[in-house]
Amino acid sequence: MAKKITGYINLQIDAGKANPAPPVGPALGQRGVNIMEFTKAFNEKTKDLMGFKVPTVITVYSDRSFTFITKQPTAAALIMKAANLKKGTDNPLKNKVGKLTRAQLMEVVERKIVDLNTDDLEMAANTISGTARSMGVEIVE
């Protein structure tokens, strides 16, 4: 018989740096999840993604056990790393803060496509380039 799901917890946690401090501890504590068990498993799984915030979905079961899946870092974070930026612009129509080549864009797309709702690389590239434009990053050929 399958375990009954009591809820889901969605968090964005720094890769390899989960600890019992807020927001992780209180979110897990509310559901009765073993915080230290989660933080050790999360840190071990995400040690290769250091420097990124990793979106995580934690499934909590009725016996207080849990499973979690990690997704790729956000598209904005991947774009900022590829373009070597600290942050995006405050006004994307007037201020451009960086440039991204088509090859760099495709690297971001190939990494992020597992989390997108398409299998077509061109459609995924359109989505990611829209995110880049809204951050003030130009796509150059």
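The values are calculated or read from the model by the stated rules, or taken from the named source; none is laboratory data. Predicted model, so just to flag it, every value in this text is computed and none were measured. All Cβ positions, glycine included, derive from the backbone under ideal geometry; neighbour counts span all protein chains shown. Note: accessible area is taken over every heavy atom of the protein model, side chains too, but ligands, DNA and RNA are not part of it. Shrake-Rupley method; radii C 1.70, N 1.55, O 1.52, S 1.80 Å.
Annotations
- Working note: Karplus 6.51/-1.76/1.60 with θ = phi - 60° gives the stretch 8-18 the couplings 10, 10, 9, 9, 10, 10, 4, 4, x, 10, 5 Hz, where Gly and Pro are set to x.
- For the chain, the equivalent ellipsoid built from the Cα gyration tensor has semi-axes of 34, 17, 13 Å, listed from largest to smallest.
- Near the amide H of I13, within less than 5 Å, lie the amide hydrogens of V54, T56, all on another chain or at least 5 residues away, with H placed in the peptide plane.
- Apportionment of accessible area to carbon and sulfur, the chain, percent (1.4 Å): 52 percent
- Efficiency of FRET from Cβ geometry, R102 and M36, R₀ 41 Å, rounded to 0.05: 0.35
- Packing rank of 84-94, 36-46, where each peptide gets the mean count of other beta carbons within 10 Å, highest leading: 36-46, 84-94
- Mean residue ellipticity at 222 nm, helices only, the chain: -11000 deg cm²/dmol; runs of at least 4 DSSP H residues each add -39,500 (n - 2.57), and the sum is divided by the number of residues.
- A 1.4 Å probe run over the protein chains yields, for the stretch 83-141, 66 Å² of accessible area per residue, whole-number rounding.
- Shown in residue order for the stretch 113-128 are the 3J(HN,Hα) couplings computed by the Karplus curve 6.51 cos²θ - 1.76 cosθ + 1.60 at θ = phi - 60°: 4, 5, 9, 8, 9, 8, 10, 7, 4, 5, 5, 5, 5, 4, 5, 5 Hz (x for Gly and Pro).
- In summary, the lysines within cross-link reach of K3, defined as a Cα separation below 28 angstrom excluding same-chain residues under 8 places away, comprise K40, K45, K71.
- Paramagnetic reach from K47 in the stretch 1-31 [backbone N under 15 Å; point 7 Å along Cα→Cβ]: 15-18
- Sequence-separation-based contact order of the chain, relative, with Cα cut under 8 Å and 6+ spacing, percent: 22 percent
- I113 sits with roughly 30 Å² accessible to a 1.4 Å probe, with DNA, RNA and ligands left out of the calculation.
- Dipole magnitude (debye, nearest 20) for the stretch 1-89, charges at Cβ of Lys, Arg, Asp, Glu: 180 debye
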